[in-house]
Each structure stands twice: as structure tokens, then as C-alpha cells.
Amino acid sequence: MEKMVIREWAEADRPREKLLTLGRRAVTNAELLAIFLGSGSTEETAVELCKRILLSVDNNLLRLSRLEVNDLCRFKGIGTAKAVSIIAALELGRRRQETDGALQEPLNNSKLAYIYIKDQLQDLPHEEFWVIYLSISCKPLDRQQISRGGNDFTPVDIRIILRHALINQAHSLILVHNHPSGTLKPSEADKALTKKIQAAAKTMDIYVIDHLIITDSSYYSFKDEMLI
């Protein structure tokens with residue numbers, strides 16, 4: 001059966017026209033992705049292609065956001081340019097959430113610190129280590145990615161942490177890293193690294209007030225668990 005291209009569809013069913021006439025809420029996830037792609041393959045429309053991609057992740061946008069360029073390019077009709085378009089669209093949505101959750105208030109408890117940083121570390125297939133730099137009143141001065149590693153380990157250079165602390169004239173720090181595996185339990189290496197950073201920072205009268213471990217749905221606080 002010959003494929004019917006989107007421009008041959010009834011105007012009310014075309015994704016762009018549907019968004020214009022009915023509004024953004026009326027457009028399905030597959031249709032939104034199809035608008036970014038612009039075209040499908042010789043065998044299926046952009047909408048059909050996007051339905052197939054979404055089906056592969058059980059229509060879960062969280063799982064879709066974890067796919068890399070190589071993962072998306074496995075689908076016939078998706079080349080590097082289209083894969084990058086999908087990733088860019090999802091990253092823009094993540095950054096919008098980050099802006100919505102931006103805080104001006106002091107990060108004086110683990111929940112506020114989690115809200116402030118979580119969008120940087122959720123949905124990642126690899127581990128990253130970040131530091132939040134705070135003023136004497138616990139207001140955020142800066143946040144910096146210190147390192148990026150594999151699925152369960154990322155090397156951390158304490159000198160880089162302290163250099164940013166001095167640049168920002170930080171009074172205290174919150175250490176943050178993610179566990180892509182989903183486990184919230186800190187490893188012995190996590191505990192040892194925390195103590196090592198604490199000791200180094202203390203020589204400069206800078207205090208490590210918490211260490212958060214973040215997963216896609218929750219977090220663990222060293223301070224709340226009385227490990228700091």
C-alpha cells in the first residue's frame with residue numbers, strides 16, 4: 001500500500017495545522033516530535049516514525065530523554081540531524097523546568113537544594129559530580145559540574161572544587177552527584193570522598209554542609225542521615 005504523505009492528509013489532521021487551529025494541548029507527543037523532524041522515511045510519515053520511536057520507550061518521555069544520538073539513529077528515517085533535533089527539543093523542555101524551579105531563597109535544607117539542582121542530574125545515563133556554592137546566608141552563588149564519568153563512577157578533582165569556591169568567595173558547599181542505577185544508598189567510596197573534600201575545604205574555612213545523591217525520582221541527603 002502506497003504511503004500517504006502528511007501534506008495529503010486532511011488539513012485538520014496535519015500536526016502543524018492542528019497546533020495552529022486547536023492549540024498546543026490538542027497535539028499528541030508523536031505529532032509534536034513530527035513537527036521537529038519535518039519528514040519521515042520512504043516507508044512512513046514523520047508521525048508514524050515518531051509513534052514507533054515512542055512505542056520503543058513505552059511512550060515514556062523520561063525514557064526518551066535518555067536516548068543518545070546513536071540510539072535514535074537505529075530507527076530507519078532518523079539520521080544524525082533528526083536525532084539531534086529530538087535531543088535538542090527534549091533538552092529545551094528540561095531547561096524550561098529548570099528555569100521554573102530556579103530559587104532565590106537560601107538553600108538551607110536538603111529539599112530546597114534538591115529542587116535547585118535536580119534538573120541538571122535527572123535522566124542522565126552516566127554519572128556526574130556537581131557542587132553548589134553558597135554565601136554565608138546559604139544563598140546560591142554558583143553551581144558547577146566538576147566531572148563526568150561512567151555508569152557508576154566519576155573521578156573528582158578536589159582542587160577544581162576549591163578553585164571555584166575561592167572564585168565565588170563561597171562560605172559553604174553542597175556536593176551533588178547522581179546514581180543512574182537508581183539506588184539511593186551511598187557507596188563507601190562516596191563516603192570517603194565526602195570526608196576528603198570536607199577536610200580539604202576546612203583548611204580554607206569553607207564548609208561542606210551536605211552531599212546529595214540524586215536519582216530520577218528522589219534523593220539522599222548525607223546531612224539528613226547524619227553522615228555530615
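The values are calculated or read from the model by the stated rules, or taken from the named source; none is laboratory data. Just so it is clear, the model here is predicted, and its values are computed rather than measured. Positions of Cβ are backbone-derived with ideal geometry, glycine not excepted, and every protein chain shown enters the neighbour counts.
Quick one: is residue 18 modelled with pLDDT of 85 or more and of a type in the set (Lys, Arg)?
No.
Given the conditions (1) touching a His at 6+ places or on another chain (Cβ under 7 Å); (2) surrounded by 12 or more Cβ atoms within 10 Å (Cβ to Cβ); (3) not aromatic (Phe, Trp, Tyr), and given that residue 136 satisfies all but one, which numbered condition is not satisfied?
Of the numbered conditions (1) touching a His at 6+ places or on another chain (Cβ under 7 Å); (2) surrounded by 12 or more Cβ atoms within 10 Å (Cβ to Cβ); (3) not aromatic (Phe, Trp, Tyr), the odd one out for residue 136 is (2).
Just for region 213-224: of the residues that are out of contact with any Leu (no Cβ under 7 Å at 6 or more places or on another chain) and closer than 14 Å to residue 190 by Cα, which one is surrounded by the fewest Cβ atoms within 10 Å (Cβ to Cβ)?
Result: 223.
Contact list please: Cβ distance under 6 Å, first residue in region 82-93 and on the phi < 0 side of the Ramachandran plot and surrounded by 15 or more Cβ atoms within 10 Å (Cβ to Cβ), second residue among the β-branched types (Val, Ile, Thr) and part of a helix (DSSP H, G or I), pairs at least six apart or on different chains.
Listed by first residue and then by second, the contacts come to 83/69.
Please specify each residue of region 190-228 satisfying the condition of being among the small types (Gly, Ala, Ser), under 28 Å from residue 125 (Cβ atoms) and not in a loop (DSSP other than H, G, I, E, B).
192, 221
Of the conditions (1) among the aliphatic types (A, V, I, L, M); (2) over 21 Å from the mean Cα position of the chain (by Cα); (3) modelled with pLDDT under 80, residue 102 fails just one. Which one is it?
(2)
Please find, within region 51-81, the residue that is farthest from residue 181 (Cα to Cα) out of those that are buried (at least 16 other Cβ atoms within 10 Å of the Cβ) and at pLDDT below 90.
Per the stated criteria, the residue is 77.
Looking at the structure I just gave you, is residue 141 at pLDDT below 85 and hydrophobic (A, V, I, L, M, F, W, C)? Give the derivation first.
Values: at pLDDT below 85: no; hydrophobic (A, V, I, L, M, F, W, C): yes.
For residue 141, the condition - at pLDDT below 85 and hydrophobic (A, V, I, L, M, F, W, C) - is not met.
Sort out which residues of region 23-43 are farther than 18 Å from residue 81 by Cα and either outside the structural domain of residue 93 (by TED's automatic domain parsing) or not in a helix (DSSP H, G or I) (or both), and write them in order of number.
Result: 23, 27, 28, 43.
Report yes if residue 92 is modelled with pLDDT under 90 and touching a Gly at 6+ places or on another chain (Cβ under 9 Å), otherwise no. Lay out the reasoning, then the answer.
Values: modelled with pLDDT under 90: yes; touching a Gly at 6+ places or on another chain (Cβ under 9 Å): no.
Taking the combined requirement at face value, the residue does not satisfy it.
I want to confirm something. Restricting to region 146-169 and keeping residues that are modelled with pLDDT of 90 or more and touching a helix residue (DSSP H, G or I) at 6+ places or on another chain (Cβ under 8 Å), which single residue is nearest to residue 122 (Cα to Cα)?
Looking at residues that are modelled with pLDDT of 90 or more and touching a helix residue (DSSP H, G or I) at 6+ places or on another chain (Cβ under 8 Å), I get 146.
In this structure, does residue 207 turn out to be aromatic (Phe, Trp, Tyr) and closer than 20 Å to residue 142 by Cα?
For residue 207, the condition - aromatic (Phe, Trp, Tyr) and closer than 20 Å to residue 142 by Cα - is met.
Condition test on residue 12, is it outside any loop (DSSP other than H, G, I, E, B), of a type in the set (Gly, Ala, Ser) and at pLDDT below 80?
yes
May I ask you to list pairs of residues, at least six apart or on different chains, whose Cβ atoms are under 7 Å apart, with the first in region 10-30 being at negative phi and the second being at pLDDT below 80 and acidic (Asp, Glu)?
17/11
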